[in-house]
Amino acid sequence: MRHTLLLGAVAYDPKVVTIWTGFRSWFRDRGLDLDYVLYSQYERQVEELLAGRIDLAWNSPLAWLRAQRLARAQDATVRPIAMRDTDRDLTSVVVVRADSAHQTLSDLRGRTVATGAVDSPQATLLPLALLRAAGLDPKVDIEVLRFDVGVGLHGDHVGGERDAAQALRAGRADAACLLDANLLLFGREGTLPAGSVRVLAQTAPYDHCNLTAGPAADPALVDHFGKLLLGMSYADDSARPLLDLEGLKQWLPGRTDRYAALDRAVTETDFYDPRGALGAADYRP
Amino acid sequence: MPPTIDLEDLGLDSGGHLLVERALAGLTPGDRLVVRGRHPALGVHLAAWCRAEGHRLDPAVEGPTIIRGHADLDRWRDAQRAGATANDVVAHASRHWGLAARGALVEPGGPALAVDWVDRDLVWADLAPRLYAQATANQWDPATAVDWAAAGSLPEHVEGAVVQVMTYLVENEQAALMIPARLLSRLHPHFREVMQLLAAQAADEARHVEIFSRRALLNRDVLGLSGAGGRASLQTLIEEPDFTLASFLLSVLGEGSFLDLLHFLHRHAPDRVTADVTRLAARDEARHVAFGVAHTAHVVRADQGFLHLLRTAVERRHAALADTAGLNKQVFDALVVLAAGSWTPTAISHGWQEVLRLQQAMDEGRRRRLEYIGFPADEAAALSALHTRNFM
C-alpha cells in the first residue's frame, strides 16, 4: 500500500497548477503526503482512476457519472469524498432576447438554440434534456448551434457558453443555454447587458463536481484526507487564497442524489453506454 | 418576521448585490433576509450570487429568503490594523502588512514585503513629518528659479574654476541622489513620512544635478576633471548598508560640510547664475542635514550604545580612505581662485585664507552636530578631524 495519496485534476486553466500545488503544501504541512497529476481532459482521468493509477480524481459531474458506470462494469467501487459549497444546487437556464416573442420552450420549435461544448453538462446536456422534456427533439425539432470550446473539459471552460450568449445577442441564435451563475456573470460583464435577455426555462437544481475516491485508494488514507479537507476553513489565511482560486468558501461532504437528471441525459443521448464506454459520435476529447 | 429588502426593478447584474450586502451586514450568520423585487431573473440571480458568496437560499419558503453565511466575516476574522490610527507609528511594523496604508485594516495572508527596516527607532525622527511638509512646500522649478539669461561672460580662468567646481558638485549630488533612493527602497512604508522625505531628497538631488550641470555647460561644451580620490570617498558612502550609519555619514557629516561649501560658493560666486544655483541647493541641503541630525539623535536617545557604532563608522571610513588623495587639487585651487577674485598675490593670499576658513567652519559645524547627537566635545573634535578631505 503506497502512503502518498495521488490526486488527478484536469488542467482547464493554468491556475490549476497554483491551486493543487498550494493544496499539496497545505496537506503536507498537516502530515498527509498528497501529490497530484494533471490531465488534459476528463475521460483519461476517469480511466486512470478506475485503472488504479490515481487514488482520487477531481471530477466533473459527467466524469463522476462515467466513473460510476465504469466501476459498475468492473465490479469496483468509487465514492464521492467531498464537493465545494458552490457545487450544490446549480441550475441551468434557457434564455431568449428580452424582446423575443417566445414565451415557452415549445415556441423554440424550428428555431436555433445556442449551447456550450458537446460535453458541457450545464450549457448543453442538461438544457437540451429540458427541451426534450418539453417535447422538442434537439436532433429534429430545433437547430442546435453548438460552441465546442475546450472539448474534453466537460464545460469547465466558459468560452463555449460566452460564445453562445454572444450568438444570442447578435441574432444568430433565438435562444441560449447557460449556467445560472454565468447568466449573472455575463450580465455583470456586459456580454448580455442588463435587461437584454429573459429566462424562458430553468432546470431543477443539480450538483456539479466532486472529489472521487477510486478503487485503489487506501480507505484510511482517504478518510484522513477527507477529514482534513472538510476541516479547511475560509478563516485560515493559508487556505483562503486556494479556496478563492478554486471558487468555494467551504468543502462539504460529497452527495450523489442530485446527478440523476444528468445521468438520464447521458443515457438518452447515449453519451456514455451503461458500461462507461464513449457513445457520442461527435465527441473527440 | 425576518427583515425584508425591496430591490424594486434592480437586478443583481446592475449592482443589486450592494443593497443585499448592506442589508446582510447587520445580520449574524444564520439570520434570514427576505428579498423582494420585480426583476424577472431575481430568483436565478440570487441563487447564483448566494452560492458564490457563501450564503444560502432557504428552499423551504416561497419568496427568495437568504440565510446569511459567514465567509465574509471569516475573511476579516484575524485582520489586524497596521497601527491603531493613521497617526500611530508603531515600534515594529509587520512585513505582512505589506503595502497597506498605515491605519488600514489588513487582511491576513498577503505576501510579506521584502524590506529590511521595520523598527521605528532605527529609521524615525519626530521631525520627519514637519520636514516632509517643508520639502513639498519648498519645491522649485529649475527652469524658472534660476535666471539663466543673467549669465554674462567671465574671464577664462574664472569660468574654468566655476566649471571645475560644478563638475565636482555634480559628482557629489549623484551620490547624494543614489543613497536616499537606495535607503527608501529598503524601508517599511509604515514609516511613510521618512519614505516621503527620502523621496523628496532624491528629487532635490536630481534637480541639483540638473542645475549644476547646466551652469557648467553654460559657456563650455565639456566639464572639468573627476579625481579618483573624490570618487573613492563618495563610493564609501554608497556602500554603507546600515540606514542610520548611511544617513549619519551622508547627511550629518557629508551634506553638513557640503552646506558650508555651498554658502562659500554663493558668497564668492562670480556670476548671478552660480549664486542662484548654490543658494537653491543649500536651501534643500539644510533640510537633508536636519533629518540626518534629528534621526541620528533619535537613535542615540533610544540607545546610547549606538554612539559606539557611529564612531566606528567614521573610523572605518577614514581607514578606507587613508590611501586616497581626498579632494582633488583642481577643486581646491578653483575654490581659492573664486574666493580670490583676481590673480594678484594679495588676492590669492586672501582666497587661500578664505578656503582655510571654510574648512574651519566645516569642522566647527561637524563638531556642533556631533555634540548635539550626544558625543562629548573632545570626541566630537576627534571624529570631525577624521572626516574625509573630500568634504562630502
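In table form, for the structure just shown:
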quantity: Sites matching trypsin sites (Lys or Arg not before Pro) across the stretch A:228-274 that sit in DSSP coil, with at most 16 neighbouring C-beta atoms within 10 Å; calculated: A:ARG255
quantity: Share antiparallel - DSSP beta bridges, the protein assembly as shown, percent rounded to 5; calculated: 60
quantity: Average beta-carbon neighbours from other chains, 10 Å sphere, peptide B:36-49; calculated: 5
quantity: Helix-derived mean residue ellipticity, 222 nm - over the protein assembly as shown, DSSP H n ≥ 4, -39500 (n - 2.57), to 500; calculated: -15000 deg cm²/dmol
quantity: Chain B: radius of gyration over Cα atoms, expressed as a fraction of 2.2 N^0.38 Å; calculated: 1.44
quantity: Long-range HN-HN contacts of B:ARG81 with modeled amide H, under 5 Å; calculated: B:VAL106
quantity: Over chain A - Rg/Rh using Cα atoms and the Kirkwood inverse-distance radius; calculated: 0.99
quantity: DSSP beta bridges in the stretch B:4-73 [antiparallel fraction, %, rounded to 5]; calculated: 60
quantity: Cβ neighbours within 10 Å from other chains - mean over A:179-187; calculated: 5
quantity: Sorted by Cβ neighbour density within 10 Å, fewest at the top, the residues B:PHE248, B:PHE391; calculated: B:PHE391, B:PHE248
quantity: 24 Å Cα-Cα reach of A:LYS139 towards lysines, excluding residues that sit fewer than 8 places from it in its own chain; calculated: none
quantity: Per-residue HN-Hα couplings for the stretch B:37-47 [Karplus 6.51, -1.76, 1.60; θ = phi - 60°; Hz; x = Gly/Pro]; calculated: x, 10, 5, x, 9, 3, x, 5, 4, 4, 4
quantity: Projected-area mean, the stretch B:43-117, by convex hull of Cα positions, square nanometres; calculated: 6.9
quantity: Chain B, dipole about Cα centre (Lys/Arg Cβ +1, Asp/Glu Cβ -1), debye to the nearest 20; calculated: 240
quantity: Sparse-neighbourhood loop sites, trypsin sites (Lys or Arg not before Pro) in the stretch A:69-145 - DSSP loop, at most 11 other Cβ within 10 angstrom; calculated: A:LYS139
quantity: Cα lying deepest toward the dipole's positive end in the stretch B:93-229, options B:GLN134, B:VAL163, B:SER185, charges on Cβ; calculated: B:SER185
quantity: HN-Hα J in Hz across the stretch A:195-211 - Karplus 6.51, -1.76, 1.60, θ = phi - 60°, x for Gly and Pro; calculated: x, 8, 10, 10, 7, 8, 7, 9, 6, 6, x, 9, 9, 10, 5, 8, 8
quantity: Contact order normalised by residue count of the stretch B:4-73, Cα under 8 Å, 6+ apart, percent; calculated: 35
quantity: Exposed-loop-free span, longest in chain B, where GluC sites (Glu not before Pro) count as exposed if DSSP calls them loop and at most 14 other C-beta atoms lie within 10 Å; calculated: B:63-238
quantity: Percent of Cα-Cα distances greater than 36 Å, calculated over the protein assembly as shown; calculated: 59
quantity: Average Cα contact separation per residue, chain B, under 8 Å, 6 or more apart, as relative contact order %; calculated: 14
quantity: B:SER257, A:SER196 arranged by Cβ crowding within 10 Å, fewest neighbours leading; calculated: A:SER196, B:SER257
quantity: Rel. contact order, % - alpha carbon contacts under 8 angstrom, at least six apart, chain A; calculated: 28
quantity: Total charge dipole magnitude, the protein assembly as shown, about the Cα centre, Cβ charges on Lys, Arg, Asp, Glu only, Debye to nearest 20; calculated: 280
quantity: The stretch B:97-228: C-alpha gyration tensor shape, a/c 1.5 cut-off, then a/b vs b/c; calculated: prolate
quantity: Low-density loop positions, trypsin sites (Lys or Arg not before Pro), the stretch B:18-123 - DSSP coil, at most 11 other Cβ in 10 Å; calculated: B:ARG38
quantity: Listed residues B:ALA325, B:HIS96, B:PRO345: farthest to the positive end of the dipole of the protein assembly as shown (Cβ charges); calculated: B:HIS96
quantity: Cα-based Rg of the stretch A:92-202 normalised by 2.2 N^0.38 Å, two decimals; calculated: 0.93
quantity: The stretch B:4-73: translational diffusion in µm²/s, Stokes-Einstein, Kirkwood Rh over Cα pairs, 25 °C, 0.890 mPa s; calculated: 208
quantity: Order of B:LEU217, A:LEU179 under a 10 Å beta carbon neighbour criterion, fewest first; calculated: B:LEU217, A:LEU179
quantity: Calculated from backbone phi, Karplus (6.51, -1.76, 1.60) coupling profile of the stretch B:114-122 in Hz, x at Gly/Pro; calculated: 7, 10, 8, 9, 10, 9, 3, 6, 8
quantity: 5 angstrom amide H check on A:LEU145, placed H, neighbours 5+ away; calculated: A:VAL113, A:ALA114, A:THR115
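Each value in this text was obtained by applying a stated rule to the coordinates, not by laboratory testing. Here the structure is a predicted model, which is why all the values come from computation and not from measurement. In this analysis, Cβ positions are derived from the backbone assuming ideal geometry, glycine residues included, and neighbour counts consider all displayed protein chains.
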